[in-house]
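Below: one structure, written as structure tokens.
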Amino acid sequence: MTGYFAHETAVIDEGCDIGDGTKIWHFSHVMSNCKIGERCNLGQNVVVSPEVVLGTNVKVQNNVSIYTGVVCEDDVFLGPSMVFTNVINPRSAVNRRGQYAKTLVGKGASIGANATIVCGNNIGAYALIGAGSVVTKDVKPFALVVGNPSKQIGWVSEFGHRLNFDERGQAVCPESKQVYSLNNESVTRIK
């Protein structure tokens, strides 16, 4: 597969780098100087602001705006109508364009529908953000967070399954059979 698909109602500004196999659907706007990897899918009414970076195989559901300062690594899922911010203290009468905070969404992370990610907070690899959550601080890799403000309630595997650790601090993903280890409030895949 070569090139990308853009629906006739989509607007693609000059200077974008869009990977092969990517699909951009109805009424979406991809703004200048952003980089979108291969095999991404941007649903209806998505806005990708200037200089945003999306890795390979990023799935963006309908009604998501991805603002300048956001970087999503490979295999990220952005649920319907979830929200990024890029200024901590916005005011209509104050121009803060040079003060956009950065937000990194790590490889394989999923953000649920209607969640809000307050800028400057990073989402670790394979983390799972529950629908409607409001993220106000960094999220660890493999963490499961929910609520407003979001709180960690557990850990998940790369496949998104809840991990239940035994007395040795080990858990097995029921789908992949991969083994995970819990050490000092962080999770690593060990085999």
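Please work out if Asn33 is assigned to a loop (DSSP other than H, G, I, E, B), under 23 Å from Lys102 (Cβ atoms) and either among the polar types (S, T, N, Q) or in contact (Cβ under 8 Å) with a residue 40 or more places away in the chain (or both).
So Asn33 fits the description; yes.
Select, from Lys107, Lys35, Lys151, the only residue that is farther than 22 Å from Tyr180 by Cα, surrounded by fewer than 21 Cβ atoms within 10 Å (Cβ to Cβ), out of contact with any His (no Cβ under 6 Å at 6 or more places or on another chain) and among the basic types (Lys, Arg).
That would be Lys35, the only listed residue that is farther than 22 Å from Tyr180 by Cα, surrounded by fewer than 21 Cβ atoms within 10 Å (Cβ to Cβ), out of contact with any His (no Cβ under 6 Å at 6 or more places or on another chain) and among the basic types (Lys, Arg).
In the set Asn122, Asn114, Asn86, which member is touching a residue at least 12 places away in the same chain (Cβ under 8 Å), out of contact with any Lys or Arg (no Cβ under 6 Å at 6 or more places or on another chain), within 21 Å of Gly154 (Cβ to Cβ) and buried (at least 18 other Cβ atoms within 10 Å of the Cβ)?
On the way: Asn114 fails: buried (at least 18 other Cβ atoms within 10 Å of the Cβ); Asn86 fails: within 21 Å of Gly154 (Cβ to Cβ).
That would be Asn122, the only listed residue that is touching a residue at least 12 places away in the same chain (Cβ under 8 Å), out of contact with any Lys or Arg (no Cβ under 6 Å at 6 or more places or on another chain), within 21 Å of Gly154 (Cβ to Cβ) and buried (at least 18 other Cβ atoms within 10 Å of the Cβ).
Going by the conditions given, is Asn63 in contact with a Lys or Arg (Cβ under 8 Å, 6 or more places away or on another chain), part of a loop (DSSP other than H, G, I, E, B) and in contact (Cβ under 8 Å) with a residue 12 or more places away in the chain?
Working: in contact with a Lys or Arg (Cβ under 8 Å, 6 or more places away or on another chain): no; part of a loop (DSSP other than H, G, I, E, B): yes; in contact (Cβ under 8 Å) with a residue 12 or more places away in the chain: yes.
Judged against the criteria, Asn63 is not a match.
Name the pairs: first residue in the range 96-109 and modelled with pLDDT of 95 or more and in a strand (DSSP E or B), second residue crowded, with 17+ Cβ neighbours inside 10 Å and acidic (Asp, Glu), Cβ to Cβ under 7 Å, at least 6 apart or on different chains?
That search, which allows pairs on different chains as well, returns Val105/Glu73.
Take the residues in the range 2-24 that are aliphatic (A, V, I, L, M) and under 16 Å from Gln44 (Cβ atoms); name whichever of them is surrounded by the most Cβ atoms within 10 Å (Cβ to Cβ).
Ile24
Please state which one of Val64, Val87 is in contact with a Phe, Trp or Tyr (Cβ under 7 Å, 6 or more places away or on another chain) and more than 19 Å from Tyr4 (Cα to Cα).
Working: Val64 fails: in contact with a Phe, Trp or Tyr (Cβ under 7 Å, 6 or more places away or on another chain).
Answer to the check: Val87.
State which residue pairs qualify: first residue farther than 10 Å from Ser157 by Cβ and inside the range 172-183, second residue of a type in the set (Gly, Ala, Ser) and surrounded by fewer than 16 Cβ atoms within 10 Å (Cβ to Cβ) in any location, beta carbons under 8 Å apart, and separation of 6 or more residues or different chains.
Between residues of the range 172-183 that are farther than 10 Å from Ser157 by Cβ and residues that are of a type in the set (Gly, Ala, Ser) and surrounded by fewer than 16 Cβ atoms within 10 Å (Cβ to Cβ), the close pairs are Ser181/Gly169; Leu182/Gly169; Asn183/Gly169.
Search the range 147-191 for residues being assigned to a loop (DSSP other than H, G, I, E, B) and of a type in the set (Gly, Ala, Ser), and hand back the single one that is nearest to Thr136 (Cα to Cα).
Ser150
The values are calculated or read from the model by the stated rules, or taken from the named source; none is laboratory data. Bear in mind the structure is a predicted one, so any value in this text is a computation, not a measurement. A quick note on method: Cβ atoms are made from the backbone with ideal geometry, for glycine too, and the neighbour counts reach across all protein chains shown.
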